[in-house]
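Everything on this sheet refers to the single structure shown next.
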Amino acid sequence: MKKLIAILMIALFVLPLAASLVSSAQYVQTIITKRIEEDNNAIGSLITGDTQARLFPVDNPDAAMRLQEAGFNLITPYSGMDNLLVNPNHCSDGSLNIFVNRKARFALQFLVPRSEIVANILKGYGIPQYIPWTPFDPDYPYLVGTALKIQFLIENKGEQYGKQLLEEALQELGATKGNDGKWYYNGQPVTVKFIIRVEDERKDIGELVAHKLEEVGLTVDYLYKDFSGAIQIVYFGDPSACEWQIYTEGWGITGMTKYDYGNFVWFYSGWWGGVPDVSWGGDYQNQTIDKLAEWLDTGNYTSEEQFWQMVNEGTWLGFQESIRIFVVATADILIASKDLSGIIQSPKATPWNEFTYAALQYSKGDTVYFSNRYVYKEGWVWNPVGGFADMYSAVAVRAAVYFPFGVMSRITDGEPGWSPGNSTTYKVEKNATIPADAILYNASAHRFQTAGEAGIAGQTVANEVILNYRIMPQVKYHDGTQMTVADLLAPIAIIFEWGKDTSTNTTQDPWYEARVARNYATFLATFKAVKILNATAIAVYTDYDHIDPGVVASAADLWASTPLELYAAMDLLVKSGQGYVWDYRSQNPDQGIYAIHLIDPTQVQKMVNLTLAARDNPPSWVQDLIDMGLLTLQEWQERVDNLVAFANTHGHLLIGEGPYYLDSYDSVNDQVTLKRWMEFPLDPQVILEELSPKTVSVTTTVLPVTPNKAGSVIATLSIELNGQPAQANQILPFAVLINLDTFESLFLNITSTGAGQFQVILPKDMPEGYYQLSLMIYPKGYSNPALDSQVVHLVAPQTTTTTTTTQTTTTTTTTTTTTQTTTTTTTTTTQAPSPTQTTTTTTTTTTAAGGISGTTIAAIIIVIIILAAAYYYLRK
C-alpha cells in the first residue's frame, strides 16, 4: 500500500495505448471546482444548475433521495470509513491517560454501538465494521473467519462487558469512584480528551461514544475540530503531550487492491508510522505487530496460505491491541447531474477518480462546475513526495492532474498486475542476478552509480521485473516536456537522498528526513538497481517478493507522474537551507519550517529562481543522468525553460501528465480551474468498456440438517451473471463455515455441476453442532458480491435397517445484486402435495449506479447474521 508509486503521485491506475492522440471535442474541456462548505448550499447550487456535481459526500440521505427523484444521479460506493483512533502513550506531564491500559482501549470495542450508528446516524447508508476490510474488498473472503469471530465476540459480550472492562482498567490504574458516580485520580476527575470532527457524521458518532464513556463515570472534554484543527493536534503534535486521547478518524477510499496487507500495516502497526507510537514521538510500541508488519511488507513468506495466516493473525492482534476501533463503512452519497456521463464507478472507490476525469462528458456544453467542501485550507500541502494528505484535494485536483500509466490494481475489483490495453507490459523472473551496468543511487556519495561501481554486481535478488512502458513516447507532461526513461530515475534519487540516513559517529547527514524514510520504507529496503533496456523498457532488481507476480510488478513499477525538472526544483529548495521539508508531518510553521507546496506563490518563485540558477550547472544527480547518456545538457535546459514558462503562465508548479492540467488556483475564492490536456494519449472509450459494472445473483438451497462427513453437500447454488447462467470462469465464489460455538472457520469446496449450477461441499469431517454458512459470490472484474448467510446443523449420519417416511425442510434464499435503488424482501411458504414443506426467501440487493444502497448489505449481513447468532444463543 505504501510502495513507491503510492506516494509519487500516485501510480494507482494505468490505461491502454491509443492508436493516435484522442480528439477531445466531445469531452469536458474545462472544470471549475469551488468551495461550498455547507451541504444545503451545495444542493441548492445543483438544483439551480450553478454546479453539476458535488465531489464530497452529502450527509443528508433524505435530501439526496429528493434530488434523485428530481432526476439527479445518486452514486453510493462504499468509499468511506469511520473509526476511532486511540492515543496509547503516557503523558509527559504526569497526568493520566487511561488508554495506556490495553483493557481500557479494548473496552471501546464493546461500547461502540455500531448497528445503532448505521440505523440512526447513517440512516442505513453503511454497514458495521470490525476490521479495516469490508465484503467489497477482494481480500475479505480470506479474512471473513477473523471478521466474524470478532463480530460474534463483540455482539455476544455486549456493551455491559465493555463497561466492566473499563472499570477494571480504571481500578488497575489507581483511579477511584466517588459517591457522585464519577471516577477520580489524585483528587481530579478522570478526563478523556475527545477530538470530534464537526463536518460530517463523525460529530454524531463522537458524541454518542462520549455519552457511553460518561455513563461509566468518566468526564469527557468535547474538543470539536474541523479538518485543519484536528490534524494539527493529532498528526502534527506530540502524542505524549496528551492534547487528545480519542479522535474520530475518517478515510476516503480511491481504489482497492487484492492482497492489501497494507490495511494491516497502516492501521495496526507503526512500521509505516500509521499509529501514534514511538515514530510519532510517543513511548508506545508493539514490537510483535511491527515485526509482523515488516515481514508482510518485505514479502517474508513463502506461500499464499502463510500470507493469509499472517494477515489474519495480525488482524486479531490488532483487534486486541485496539489502537483503532473500526466503527462503520459508509456508503458515501455522491450527487451528479443526469447530463454528466462517463463517470467510472467502483464498489468501493470514489467515482471522482482518474478514470472519470479521463472519460467525463457533458451533454450541455464543454464546461462544468463542481463543488467541494474545501479545495484548499492553510496548512495543507500539495507535493508528490510527502503531500496531498487531504481527501478534498485528492478528488478535486490530484485525480485530474496525475494519471500514472504503470502497473496497477484494477479499480473495480483490486486485481493486481492490470494494465488496460497493455499500455504497460511486465515480466517477473525470480532469483535474478544484478548486472554490472544496472543503476542505483548512492546516498553517501550523493550520486548515481552502476552496480559494478557499487560492488553489488552479480548479487542475487528475489526478482527481476521487466517493465515496458509502451505508451511513454506519447506522454507529455503539462509543461510540454516529452517523457523519457530519465524521468523514471528522478524519484529514486529523491527517495534515497532523503530516506537513507548516512550519518556516522563524526558526521550528521543534513539531507535525511525521517518521514521520507518511513513513507518509503519498503522501497528503500527492497529496491537494489534498475537497468535501462531501451527507450521504453527497464529491468528493476528488487528483493521485494510476493505470491502474485502482479503485486511484484506493481511494487517495482517506477512510473513518475512528475517530470524530473520539477523533482530537481523541489530538491534544490529543500537543500537551500531556507526551512523547507518534504513531508507535511515534518513541517512546523511556528518554527518557520514548511513543507513543499507547489501552489504557494513564494515557494514557486524560489523554485523558479533556484532552477534557473542551475540551468547551465545542473544538480549532481541530474549531471549523472547526462553523463550516463540518458539526458543531454540541452534537454535539461529545455526542461528548465518549460518549467519556468509554466510557472509564469499558471502561477504554480503542480505539473503532471493526467487528462487535465491545473490552469489556475484562485486563493481568494478557493477555486481551481482545470483544462483538458490535449496531449493526453488514451482513448476514453476503452476505459468505459473495460471498467463496466457487473451484476451477480445467487439462489441458495440448504438442508438445515446435514451429515458432518467429508463429501457431504451443504448447499446447492444457482448463480447468474448479468442475468445469464454464470460459468465457473466468470465468478469467484467463496463459502465459509463458522462454528457458532468456537467461532472457528473452514473454507468449503465449490464445484460446478452445469451452467449456473454449483454445489458447496464439506471438505473434511466436522464435529456435530450448529454452524453459520456464509456465501460470497463475486463477479470477476467487479468486487460487488452477492451475499448470503444461513445456519446449518451438522449431525452424524444415522444407520437404519428399516424404511421410513422422512419429512424434509429445505430453505432456499435468493440474493441478487442489481443496478437499481430499491430493496425488496418477500417470504412465501407453500404446502407441497408431498410431506415436504418449502420456505423460500428472496432478497434483492441493489446498487445505485456504482455502489450499494445503504439499506441493502446491512439487511443481508447484519440482520441475517445477527438472527443466526441469536438462534444459536437462544438454543443454548
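Below are the figures for this structure:
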| quantity | calculated |
| --- | --- |
| Peptides ranked, highest mean first, by Cβ atoms within 10 Å: ranges 86-93, 63-70 | 86-93, 63-70 |
| Charge dipole (the chain, unit charges on Cβ, about Cα centre) - positive-most of Q790, Q287, T649 | Q790 |
| Principal-axis tilt of helix 287-297 within the chain, Cα atoms, nearest 10 degrees | 70 degrees |
| Q160-Q591 FRET efficiency (beta carbon distance; Förster radius 51 Å; 0.05 resolution) | 0.60 |
| Pair W511, W316: separation of 7 Å Cα→Cβ label points (nm) | 4.8 nm |
| Relative contact order (%) - the range 551-671, alpha-carbon pairs under 8 angstrom, separation at least six | 27 percent |
| For the range 648-663, Karplus couplings with θ = phi - 60° (6.51, -1.76, 1.60), whole Hz, Gly/Pro x | 5, 7, 10, x, 8, 10, 7, 10, x, 9, x, x, 10, 10, 7, 6 |
| Hull volume in cubic angstrom per residue (convex hull over the Cα atoms of the range 250-321) | 95 Å³ |
| Cα Rg, Dmax, the range 646-795, angstrom units | 25.3, 78 |
| Largest to smallest principal axis extent of the C-alpha atoms in the range 405-475, angstrom | 43, 29, 20 |
| Cα pair distances exceeding 16 angstrom across the range 637-691, given as percent | 56 percent |
| By average C-beta atoms within 10 angstrom, highest first, the peptides 774-783, 730-739 | 774-783, 730-739 |
| Compactness of the range 225-280 as Cα Rg over 2.2 N^0.38 Å, two decimals | 1.28 |
| Net length gained if the chain between D93 and T751 were fully extended (0.36 nm per residue, minus Cα distance) | 230.6 nm |
| Gyration tensor verdict on the range 213-351 (Cα atoms; rounded if a/c is under 1.5, prolate if a/b is larger than b/c, oblate otherwise) | oblate |
| Furthest towards positive pole of dipole, G145, F110, N120, structure part the range 99-145, Cβ charges | F110 |
| Gain upon complete extension [A645, A728; 0.36 nm per residue less C-alpha separation] | 24.3 nm |
| Over 25 Å between alpha carbons, listed pairs K338/K675; K377/K675; K123/K193; K291/K427; K103/K157 | K123/K193; K291/K427 |
| Rg to Rh, two decimals, where the chain supplies the alpha carbon set and Rh follows Kirkwood | 0.97 |
| Ordering of 550-562, 623-635 by burial proxy (mean other Cβ atoms within 10 Å per residue, highest first) | 550-562, 623-635 |
| Residues listed by number, the range 429-444, amide nitrogen under 19 Å from D627 label point at 7 Å toward C-beta | 436-444 |
| FRET efficiency, S228 to T367 (Cβ-Cβ, R0 41 Å, nearest 0.05) | 0.85 |
| Where trypsin sites (Lys or Arg not before Pro) fall in DSSP loop in the range 282-379, at most 13 other Cβ within 10 Å | K338, K364 |
| Estimated FRET transfer efficiency when R0 is 56 angstrom, pair Q685-Y235 (beta carbons, to 0.05) | 0.85 |
| Separation of the D548 and L612 label points, Cα + 7 Å toward Cβ, nm | 4.9 nm |
| Selection from L612, I596, V581, by position along the positive dipole direction of the range 551-622 (Cβ) | L612 |
| In sequence order, calculated HN-Hα J values of the range 75-92 (Karplus, 6.51, -1.76, 1.60; Hz; x Gly/Pro) | 10, 10, x, 7, 9, x, 8, 10, 8, 9, 9, 10, 8, x, 8, 5, 7, 5 |
| For the chain, calculated [θ]222 nm from helices alone, where every DSSP H run of n ≥ 4 adds -39500 (n - 2.57) | -8000 deg cm²/dmol |
| Cα-projected label distance for E38 with K427, points at 7 Å along beta-carbon direction, nm | 6.2 nm |
| Chain lengthening between T219 and S664 when straightened (0.36 nm per residue, less Cα-Cα) | 155.4 nm |
| Rounded, prolate or oblate (a/c below 1.5 giving rounded, otherwise prolate when a/b exceeds b/c) for the range 515-634 by Cα gyration tensor | oblate |
| Per-selection Kirkwood Rh - the range 130-244 (Cα, Å, 1 d.p.) | 16.8 Å |
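Where a number appears in this text, it was derived from the coordinates with a stated rule and is not lab data. Just so it is clear, the structure is predicted and the values come from calculations on it, not from any experiment. Note that we place each Cβ from the backbone using ideal geometry, even for glycine, and neighbour counts take in every protein chain shown.
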